[in-house]
Each structure stands twice: as structure tokens, then as C-alpha cells.
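The values are calculated or read from the model by the stated rules, or taken from the named source; none is laboratory data. Because the structure is predicted, anything quoted here is derived from the model rather than measured. Because the Cβ atoms are built from the backbone with ideal geometry, glycine has one as well, and the counts that use them run over all protein chains shown. For accessibility, only protein heavy atoms count, side chains too; no ligands or nucleic acids. Shrake-Rupley method; radii C 1.70, N 1.55, O 1.52, S 1.80 Å.
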Amino acid sequence: MPHLLLSGRPVADALLESLKADIKKLDPKLVVVQVGDDPASASYIKQKLKSCESVGLRHEHKHLNEKTTLDELMSMIGELNADEDVTGFIVQLPLPKALQSHVPEVIRAIDPKKDIDGFGAYNIGKMFLSVEFEHLPPATPSGVIEMLKFYKIPIEGKHAVIVGRSNIVGKPLAIMLLNRGATVTVCNSKTKNLAEITRQADILCSAVGSPKMITKDMVKAGAVVIDIGVSRVDGKLCGDVDFDAVSEVASAITPVPGGVGPMTVASLIRNCVTAKKRQMSAE
Ligand code: GUN
């Protein structure tokens, strides 16, 4: 089947372009906090800062060492919450091993108005209400929705199957698709007869991080396939979807890299602009 390649770059570029005027006018500032030296995080952060640069968004990278204590990290979060010049900030995940069990506490410490990752309970909770309350949605699911919109792929009435139930991607994506009228099934590593379920999908989204786990036999002919998983195989980025085989049956499919990835960064920058607007109107 000839498929539509859902490239993220033109979508991200269009979104970034649309934000430039507000960035110039409102002059927001984005801060990225990195703890330790996880190589994947370093690469993501580089992309985030490069995109900030490209749209003229003020930004700062606060890099703390691997041995940073919870108290030290919390104190930095306190300072960023209090700093009126900082519009929004993120604490890049994963944290080093010693801090990993404290992620919920760390996220909770971020002022919801500055939580541009949209990971905190306040912003996630509001998303449950309706599209109108998706003020600071997590960047990756938000990027997926933007991509579907750009390529005019309808959501309402479709069966969306999501593989992966993380707080960062799977769960918020499920809510955003529900808000837009999809019938949503969320699968996880314990799901029985996974292929039977994925074969029912009109829109199949995979966010697991297991290379090529979505094989051709798991995809209905004509399905839209969104690959959100990223892993490294022999130093190369690889998605969850066996792209070559699945593209023979899908009607539209995202590549990895170059699919959802660029959208994630653009959505984060949009959240920073939204945060600034909302802070100014004190909503
Ligand atoms: N690690 C992987 N993706 C993300 C993200 O979107 N935000 C943060 N803070 N950490 C991540």
C-alpha cells in the first residue's frame, strides 16, 4: 500500500515559526535542569536548546553533577520557582540512580505555572476535563496530536490503540485522544494477545522503547502508525515499529528519527509561550 510518510520536521518548523512573534513580544525564558550525564538526555537537551536558539527564545542550561543530593536539587527548583525572569523549566529525566525514587517529589516541587513539561498532577488533572483545559500538555503526546492535525488525519470516531502506559506519553496521549472523540485502548507489557488488539487500531501509537516490536502482522491494512519509541541499536536510533515491513500495510507512518521527535521539542517551546501568556493574565 502506498503510504504517507508523516515527517515531523515540517510540522515542527511550522509550529516554531508560528511562535516566533509571541516569543519576540513576550520574551519568555526556558530553563533546562540536567542532573548527571546520561548520554541520551544530553542529546535531547542539545536539541531543545538548539530549537530555543533557532526561535530566539531565551534559555539556560543548569547542569548539576551526578552526585547532586535531593536537597540541592530541591533548592534549585525553589530558586527557579521564585525567579520571576524564569517562565518555565524542566528537570530532564531520568535522574541519576540515587534520585530516581524521588521523581514524584521532584515533579511535585515544580510550580504548576512553570511546569512546561506538564508532568505535575495539576496540569495532568486539568487535561482530564476537556481539550479547552489542556493548557500545558506533556510535549510528546501534544506533538502527536499536532502531527495528526497537520496531516489532516481524523481522530473522532477512530479506534486508537496505544502500546505503553507511561505517565509521560501513553497515559496523557490516551486522554488527549479521548478528548477528541477517539475510542482508546491502552496496552502494556502485561497485555494478553497484544497483536489481536493492535490489529483493531485505526490509529496505532507505540511508546515502549523496544526496537521493531510492532511487526507487520500486528497492523491492520490502512492503519495510521505513530512510532514514539526510541532506542539505540548499534549506535543508531531505532523506533518500536518495524518500519520497512509495516509501511507496506500502513496508510501513513512516522519515521524514527524525524517523526515525533522534532514535534516534542516544538511542543515544549509552545508550552513555554503558553505559560508566559497565562502568567501575564494571572489565570
Ligand atoms: N526524558 C525523556 N523525555 C522527557 C521529557 O519530555 N521531559 C523530561 N523532563 N525528561 C524527559
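Tabulated data for the structure shown
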read-out	value
Checking Ile77 against (1) part of a helix (DSSP H, G or I); (2) without any contact (Cβ under 8 Å) to a residue 40 or more places away in the chain, the condition it does not meet	(2)
Verdict on Phe133 being open to solvent by 40 Å² or more (accessible area, probe 1.4 Å), touching a residue at least 24 places away in the same chain (Cβ under 8 Å) and not charged (D, E, K, R)	no
Residue within the range 104-127 that is outside any helix (DSSP H, G or I) and farther than 22 Å from Val31 by Cβ present	no
Number of the exception - Lys62 against (1) touching a strand residue (DSSP E or B) at 6+ places or on another chain (Cβ under 6 Å); (2) under 23 Å from Ala14 (Cβ atoms)	(2)
Members of the range 85-104 found to be away from the ligand (no atom under 13 Å from the Cβ) and open to solvent by 30 Å² or more (accessible area, probe 1.4 Å), listed by number	Asp85, Lys97, Ala98, Ser101, His102, Pro104
Cβ-Cβ under 6 Å pairs, at least 6 apart or on other chains, the range 84-98 side farther than 13 Å from Glu60 by Cα and modelled with pLDDT of 95 or more, far side open to solvent by 10 Å² or more (accessible area, probe 1.4 Å) and in a loop (DSSP other than H, G, I, E, B)	Pro96/Glu66
Filter result for Ser101 (part of a helix (DSSP H, G or I) and touching a helix residue (DSSP H, G or I) at 6+ places or on another chain (Cβ under 6 Å))	no
Restricting the range 105-125 to residues that are open to solvent by 80 Å² or more (accessible area, probe 1.4 Å) and not aliphatic (A, V, I, L, M), the residue that is farthest from Glu79 (Cα to Cα)	Tyr122
The range 114-128 residues that are touching a residue at least 40 places away in the same chain (Cβ under 8 Å), paired with ones that are surrounded by fewer than 20 Cβ atoms within 10 Å (Cβ to Cβ) and among the small types (Gly, Ala, Ser) (beta carbon under 8 Å, 6 or more apart)	none
Residue within the range 55-64 that is open to solvent by 30 Å² or more (accessible area, probe 1.4 Å) and at pLDDT below 95 present	no
Every pair of residues 6+ apart whose Cβ atoms lie under 9 Å, when the first sits in the range 153-169 and is at positive phi while the second is of a type in the set (A, V, I, L, M, F, W, C)	Gly157/Ala182; Gly164/Leu173; Gly164/Val186; Gly164/Cys187; Gly164/Cys205; Gly164/Ala207; Gly164/Val208; Gly164/Ile228
Unique residue being in contact with a Leu (Cβ under 6 Å, 6 or more places away or on another chain) and either open to solvent by 20 Å² or more (accessible area, probe 1.4 Å) or aliphatic (A, V, I, L, M) (or both) when the list is Val246, Val169, Val208, Val184	Val184
Answer residue from the range 146-202, given it is assigned to a loop (DSSP other than H, G, I, E, B) and in contact with a His (Cβ under 8 Å, 6 or more places away or on another chain) and is farthest from Ser251 (Cα to Cα) among those	Ala182
Every residue from the range 215-272 that is charged (D, E, K, R) and under 18 Å from Pro141 (Cβ atoms)	Asp227, Asp240, Arg270
Residues (within 30 Å of Ala245 (Cα to Cα) and open to solvent by less than 30 Å² (accessible area, probe 1.4 Å)) located in the range 8-40	Gly8, Val11, Ala12
Total residues in the range 136-154, condition more than 15 Å from the ligand (Cβ to nearest atom) and open to solvent by 20 Å² or more (accessible area, probe 1.4 Å)	6
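Residues are listed down the side, and each one gets a yes or a no for (1) more than 19 Å from the chain's Cα centre (by Cα); (2) of a type outside the set (Val, Ile, Thr); (3) more than 15 Å from the ligand (Cβ to nearest atom):
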| residue | (1), (2), (3) |
| --- | --- |
| Arg9 | no, yes, yes |
| Leu19 | no, yes, yes |
| Leu26 | yes, yes, yes |
| Lys29 | yes, yes, yes |
| Gly36 | yes, yes, no |
| Gln47 | no, yes, no |
| Cys52 | no, yes, no |
| Gly56 | yes, yes, yes |
| His61 | yes, yes, no |
